[in-house]
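The values are calculated or read from the model by the stated rules, or taken from the named source; none is laboratory data. Only a predicted model underlies this, so the values are computations on that prediction, with no experimental measurement involved. Cβ: placed from backbone, ideal geometry, glycine included. Neighbour counts: every protein chain shown. Quick note on the areas: whole protein, heavy atoms, side chains included, nothing else; ligands and nucleic acids left out. Shrake-Rupley method; radii C 1.70, N 1.55, O 1.52, S 1.80 Å.
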Amino acid sequence: MRIFRLACLVLTSFVGIYGMAGRTVAAGEPGKPGGQSEQVFEKEITKTVGLRYLLYLPKGYGENREQKWPLMLFLHGAGERGNDINKVKVHGPPKLIEQGKDLPFIVVSPQCPSGSWWTEQLDALMALLDEVQSKHAVDPDRVYLTGLSMGGFGSWALGCRHPERFAAIVPICGGGEWFLAERLKNVPVWAFHGAKDTVVPLRESQEMVTALQRAGGNAQLTVYPEAQHDSWSETYNNPKLYEWFLSHRKTRESK
């Protein structure tokens, strides 16, 4: 288990002086009562982020100093939040790794803090990804993102915010803001959902995939007719999933 912390500096920049109504109005100058005036806001913000995470290095890692490895970022569901990192091993790739399965990826599995959601941890996730890539032999053109339930929502959200970072995305029983889906039009997406899911309705995945397809994206949805919320066990146990991941790398358009 590793604990990741990083202080991030975010600077919002605006033009310092605006021309208005034939005269110059400096930033912060009050307007006239009863009227509207154009204003400007600028502030420097320091943000500290931190996440516990599991790191898996595949067999053979480090034997060839020149070799770069694909990376998979896995986002767990809501039930695995907290301070016990072993909870992250309950489902998905961390579970398979714990059972002895060899995966041909560097696998990064962070833990979401109690009471939070992955959609609120996007800055922390990107800072963690930057940290791992800076310290390990990661192929930047083969960085993959996947997650289940809350992590499926997180995968859609993180992918839509930073499509340039991922070569392919697999959200499982998740959903998102369909009007942002077009940002992923250059990133292959394979979504999965159970038809009888009563926790996250199937329409959540359908709306995202449909919006992405309409935008010209490469998106597909696999629906398990008899599955309820657990549509991840069959998905992560399928070797074709990992073959599909490895068949994709970032294209010039997605960078």
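Looking at Q36, Q99 in this structure, which one is more than 16 Å from H136 (Cβ to Cβ), at pLDDT 95 or above and of a type in the set (S, T, N, Q)?
Criteria check complete, one pass: Q99.
How many residues does the range 94-129 hold that are of a type outside the set (G, A, S), more than 18 Å from S155 (Cβ to Cβ) and without any contact (Cβ under 8 Å) to a residue 12 or more places away in the chain?
So the count comes out to 3.
Go through the range 118-159 and give me each residue that's out of contact with any Phe, Trp or Tyr (no Cβ under 9 Å at 6 or more places or on another chain), over 18 Å from T251 (Cβ atoms) and not aliphatic (A, V, I, L, M).
Across the range 118-159, the qualifying residues are E120, Q121, D123, D130, Q133, S134, K135, W156.
May I ask you to verify whether V200 is under 15 Å from L75 (Cβ atoms) and assigned to a loop (DSSP other than H, G, I, E, B)?
For V200, the condition - under 15 Å from L75 (Cβ atoms) and assigned to a loop (DSSP other than H, G, I, E, B) - is met.
What pairs come out if I take residues in the range 179-192 that are crowded, with 19+ Cβ neighbours inside 10 Å and pair them with residues that are among the polar types (S, T, N, Q) and part of a strand (DSSP E or B) whose C-beta lies under 6 Å away, six or more apart or interchain?
W190/Q220; F192/T222
Somewhere in the range 91-106, is a residue under 24 Å from K135 (Cβ atoms), assigned to a strand (DSSP E or B) and in contact with a Phe, Trp or Tyr (Cβ under 8 Å, 6 or more places away or on another chain)?
The answer is yes, given that some residue of the range 91-106 is under 24 Å from K135 (Cβ atoms), assigned to a strand (DSSP E or B) and in contact with a Phe, Trp or Tyr (Cβ under 8 Å, 6 or more places away or on another chain).
When you go through (1) touching a residue at least 24 places away in the same chain (Cβ under 8 Å); (2) crowded, with 16+ Cβ neighbours inside 10 Å one by one for Q206, which number turns out not to apply?
(1)
Just the residues that are over 11 Å from S109 (Cα atoms), open to solvent by less than 70 Å² (accessible area, probe 1.4 Å) and not in a strand (DSSP E or B), please, taken from the range 68-79.
Hits for the range 68-79 are G77, A78, G79.
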